[in-house]
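Have a look at the structure below before the remarks.
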Amino acid sequence: MSFRTVVVEKRSKLDLRMGYLVIRKDSETLRIFLDEINTLIVENPACCLTGSLLVELTKRKVKVVFCDEKHSPCAELMSCYGHGECSGKLQEQIQWDKEYCQFLWTRIIAEKIYNQALFLSQKGKSKEAALLHSYIPDIQPGDTSNREGHAAKVYFNAIFGNGFKRGNGMAVDSALNYGYSLILSAFNREIVACGFSTQLGIAHHNTFNQFNLSCDLMEPFRVLVDRWVDSCQFCEFGSAEKHKVLEIFNQPFVIDNKNYRLDDCIMLYVRSIFKAIMTKDLSVIKFYKIK
């Protein structure tokens, strides 16, 4: 099973040789067996990758993330056809029961708010945690009353302070964005591997967002990034801090009463979501728990 996250920071040439990723930088050459690689992050935009390597990474469903000149994720490699029955899966997705999907979205948001409340409680924010718990029974199908938005305001102010605002460009906000983007990439890969389109969402329907479904399904997992960033107490966000965020993927989590790495938790969760849609049974959804 693949387990390595490979980060390429310096200007390098990446090539394929006999089942190995070959990284050449200056006079140094590094070889990594492809079967060991779970994620490849090309942090330096000056890197050069061969077409044969990209094709092989796609075949092996390795998650490949490309970064911009600020070393922030800006793109990823995705297979056009991640499943043998992708045409049939797309037809199936288009015909998903929209009313049932509203109830599914309600369940996903309830789990997200529950995880936020649990984190607040563990941080000693009992008043705010109780407020978030009170929102859960009030969630309407499709969250028409926007309990998610109300919970987010209380939650972020309690964790990062009343002066914190998403999108302020500070170290904490940059760390959150970086962590969210990596988790989004993991969801994109798994959804495509199951034969579905990331573009057709349940609650997210932004015309300019090609990852609407991924944004839907990842919501309960955002709290994992929040926890990690809060524990790291970043004052700046550079290369070392990015590597620290990557450690989330090596932490153990519990799902289906067993310990798994984050990528495996996402796989089991996403597949259970599709099973829930197919069977119209919300009880089959497998949510993670903090170990």
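The values are calculated or read from the model by the stated rules, or taken from the named source; none is laboratory data. If you're wondering where the values come from, they're calculated on a predicted model, not measured in any experiment. No Cβ is skipped: glycine too gets one built from the backbone with ideal geometry, and neighbour counts run over all protein chains shown. Note: accessible area is taken over every heavy atom of the protein model, side chains too, but ligands, DNA and RNA are not part of it. Shrake-Rupley method; radii C 1.70, N 1.55, O 1.52, S 1.80 Å.
Less than 5 angstrom separates the built amide H of GLU76 from those of PHE66, all sequence-distant by 5 or more or on a different chain.
With the contact rule set at Cα under 8 Å and sequence spacing of 6 or more, what percent relative contact order holds for the chain? It comes to 14 percent, rounded to a whole number.
Got a sec? Charge dipole of segment 1-148, +1 on Cβ for Lys and Arg, -1 for Asp and Glu; which of SER52, ILE23, VAL42 is way out at the positive end? The Cα lying farthest towards the positive end belongs to ILE23. Computed in the context of the full set of protein chains, the accessible area of segment 102-193 at 1.4 Å probe radius has 53% of its extent on carbon or sulfur. Over segment 196-257, what percent of the accessible surface lies on carbon and sulfur atoms, probe 1.4 Å? So the carbon and sulfur contribution to the accessible surface is 47 percent.
Average accessible surface for the chain: 50 Å² per residue, computed with a 1.4 Å probe over protein heavy atoms with every protein chain in place.
Relative contact order, whole percent, for segment 132-291 stands at 18, derived from Cα pairs under 8 Å and 6 or more residues apart. Counting lysine pairs in segment 1-122 whose alpha carbons fall under 26 angstrom apart, excluding pairs fewer than 8 residues apart on the same chain, gives 20. Projecting the alpha carbon convex hull of segment 28-132 along each direction and taking the average yields 12.0 nm².
What full-extension length gain, to one decimal in nm, is calculated for ASN259 and PHE164 as 0.36 nm per residue of separation minus the Cα-Cα distance? Walk me through the numbers before you get to the answer.
On the way: separation 95, 0.36 × 95 = 34.20 nm, distance 3.38 nm.
Roughly 30.8 nm would be gained on extension.
Once you sort the root eigenvalues of the Cα gyration tensor of the chain as a ≥ b ≥ c, which label holds: rounded (a/c under 1.5), prolate (a/b larger than b/c) or oblate (the other case)? It is oblate, given that a/c is not under 1.5 and a/b is not larger than b/c. Note on CYS74 and PHE33: the model spin-label points, each 7 Å out from Cα along the C-beta direction, lie 3.5 nm apart.
Express in nm, to one decimal, how much length is gained between LYS10 and SER87 on full extension, taking 0.36 nm for each residue of separation and deducting their alpha carbon distance.
23.7 nm
Over all projection directions, the Cα-based convex hull of segment 173-238 averages an area of 5.0 nm². Modelled spin-label separation between CYS232 and ASN206, with each label point placed 7 Å from Cα along the Cα-to-Cβ direction: 2.2 nm.
Across segment 69-80, coupling constants 3J(HN,Hα) worked out from phi with the 6.51/-1.76/1.60 Karplus curve, θ = phi - 60°, read 5, 9, 6, 9, x, 10, 7, 8, 8, 10, 6, 5 Hz, and Gly and Pro carry x.
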